[in-house]
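The values are calculated or read from the model by the stated rules, or taken from the named source; none is laboratory data. Because the structure is a prediction, the values reported are computed rather than measured. Ideal geometry is used to build each Cβ from the backbone, glycine not excepted, and the neighbour counts take in all protein chains shown. Side chains included, ligands, DNA and RNA excluded: accessible areas come from the protein's heavy atoms. Shrake-Rupley method; radii C 1.70, N 1.55, O 1.52, S 1.80 Å.
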Amino acid sequence: PREAVVLACHSRSNKYEPEAFSDWLALLQRDPGTVLWLLAEDDTTRSNLRAEAAARGVHPTRLIFASKASRSDYFSRLAIADLMLDTRHYSAHTVAADSLWVGTPVLTLPGEGFASRVATSLYSAMDSA
């Protein structure tokens, strides 16, 4: 929706851990003009995420789902989001780099291990460039 704030996570859906999804739903609860745009290719995943949103008081229509896309459509999609949300335990790698490349900021929380610090490393590299 044009008038909505679009929060997105276009990492593979198997990276959506409960803690991050809870945080994302809390953001939706605080701002009724916000939607969450997720990459989820199968109906079971979409149904489970919608059910969890509804159980937490977030209308399921505020979750928007994307499937994989061509490379040009993928970059266009990244540029549409207002903010790309990162997962916690296995952070965005390519998606974070590509989001930053098209000008979409990425919200990340660095963890202890390498896999959870990649997006943070990308920001650090940008600062030193």
- Task: List every residue pair whose Cβ atoms lie under 8 Å apart, where the two residues are 6 or more positions apart in sequence or sit on different chains, the first residue falls within region 8-30 and is under 19 Å from T61 (Cβ atoms) and hydroxyl-bearing (S, T, Y), and the second residue, located anywhere, is open to solvent by 70 Å² or more (accessible area, probe 1.4 Å) and at pLDDT below 95.
- Result: S13/E41
- Message: For the structure I just gave you, tell me whether D86 is free of Cβ contacts under 8 Å to residues at least 24 places away in the same chain and on the phi < 0 side of the Ramachandran plot.
- Response: no
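Somewhere in region 1-19, is a residue open to solvent by 70 Å² or more (accessible area, probe 1.4 Å), at pLDDT 95 or above, out of contact with any helix residue (DSSP H, G or I) (no Cβ under 9 Å at 6 or more places or on another chain) and farther than 16 Å from R88 by Cα?
Pass one, region 1-19, residues open to solvent by 70 Å² or more (accessible area, probe 1.4 Å): 1-3, 12, 14, 18-19.
Now narrow it down to the ones that are at pLDDT 95 or above: none.
So far as region 1-19 goes, no, none of its residues is open to solvent by 70 Å² or more (accessible area, probe 1.4 Å), at pLDDT 95 or above, out of contact with any helix residue (DSSP H, G or I) (no Cβ under 9 Å at 6 or more places or on another chain) and farther than 16 Å from R88 by Cα.
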- Could you check A69 against (1) open to solvent by less than 10 Å² (accessible area, probe 1.4 Å); (2) assigned to a loop (DSSP other than H, G, I, E, B) and say which number it fails? (1)
- Return only the number of the condition from (1) aromatic (F, W, Y); (2) in a helix (DSSP H, G or I); (3) surrounded by 13 or more Cβ atoms within 10 Å (Cβ to Cβ) that W101 does not satisfy. (3)
- Message: A125 - would you say it is over 15 Å from R12 (Cα atoms), modelled with pLDDT of 95 or more, outside any strand (DSSP E or B) and open to solvent by 50 Å² or more (accessible area, probe 1.4 Å)?
- Response: no
- Unique match (being of a type in the set (A, V, I, L, M, F, W, C), part of a helix (DSSP H, G or I), open to solvent by less than 70 Å² (accessible area, probe 1.4 Å) and at pLDDT below 90) among A51, A96: A96
- Message: Suppose we filter region 55-64 for residues that are over 17 Å from E17 (Cα atoms) and either open to solvent by 50 Å² or more (accessible area, probe 1.4 Å) or not in a loop (DSSP other than H, G, I, E, B) (or both); how many remain?
- Response: 6
